[in-house]
Amino acid sequence: MHNNGIPLINGVEYGWADVVLCINGVPVSGITAISYGDKQDMQNIYGAGRHPVGRGKGRITPSAKITLLMSEVVAIQSQSVNGRIQDIAPFDITVSYLPANGKIVTDKIRNCQFVENKRDTKEGDMSIPVELELLPGFIDWGKLS
């Protein structure tokens, strides 16, 4: 049971081990983190009185960053004509959450491009994770299947 007294439905939460990530349809195993979201401009609209009478919605701004092992970045970099991952054509990233006993959820981060390429390592590192900022076009949020 959860703390609020509601019984567990299936007892399964989504976890990192359930994540399958594909870049342009190709599964990526050398990923250690992904972060993505979107933010929409909103404001209250006022008329007569002191309280809002409505709400206005504006542009939606997506954001994303991905952390890959250096070997994965080098493989992606080899697809670029000039070695700059920033010059790779826009691509989609599919993030699927596949728990053993739960609902599959798939998000699609559309029309991504790398904003940067960098390396950051220090003595004692046994792998080199590379955090890269992405510029996504928009996000198709989780369709349950």
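Between region 116-145 and region 16-82, what's the alpha-carbon centroid distance in Å?
Taking the Cα centre of each part, region 116-145 and region 16-82 sit 11 Å apart.
Quick check: with the 1.4 Å probe, what order do Arg119, Arg110, Arg55 take by accessible area, largest first?
Arg55, Arg119, Arg110
For the modelled label position 7 Å from the Cα of Asn44 along Cα-to-Cβ, which residues of region 50-79 have backbone nitrogen atoms closer than 18 Å?
50-58
Please list Tyr97, Tyr14 from largest to smallest accessible area, probe radius 1.4 Å, with all protein chains kept in place.
Tyr14, Tyr97
With a probe of 1.4 Å, find how much accessible area the chain has per residue, and write the answer as a whole number in Å².
68
To the nearest 20 Debye, how big is the dipole of the chain about its Cα centre, given +1 on the beta carbon of each Lys and Arg and -1 on that of each Asp and Glu? Let's see the in-between values first.
On the way: 14 positive and 15 negative charges, 138 e Å.
Roughly 660 debye for the chain.
When we measure straight from the Cα of Lys118, which lysines land under 24 angstrom away, once same-chain ones fewer than 8 places off are left out?
Lys118 reaches Lys65.
So, by mean Cβ neighbours within 10 angstrom, what's the order for 82-92, 43-53 with the highest one leading? All intermediate terms of the calculation are to be shown ahead of the outcome.
Working: 82-92: 13.2, 43-53: 8.8.
Top of the packing list down: 82-92, 43-53.
Using a 1.4 Å probe on the protein heavy atoms, what percent of the accessible area of the chain belongs to carbon and sulfur?
On the way: 5250 of 9890 Å².
The computed percentage sits at 53.
Between Arg84 and Phe138, what length in nm is gained on full extension when 0.36 nm per residue of separation is reduced by their alpha carbon distance?
Gain on stretching Arg84 to Phe138: 17.1 nm.
Can you give the calculated 222 nm mean residue ellipticity of the chain, where each DSSP H run of n ≥ 4 adds -39,500 (n - 2.57) and the sum is split over every residue, rounded to the nearest 500 deg cm²/dmol?
Per the formula, -1500 deg cm²/dmol.
The values are calculated or read from the model by the stated rules, or taken from the named source; none is laboratory data. Fair warning: this is a prediction, and the values are worked out from it, not measured in the lab. All Cβ positions, glycine included, derive from the backbone under ideal geometry; neighbour counts span all protein chains shown. Accessible surface areas use protein heavy atoms only, side chains included; no ligands, DNA or RNA. Shrake-Rupley method; radii C 1.70, N 1.55, O 1.52, S 1.80 Å.
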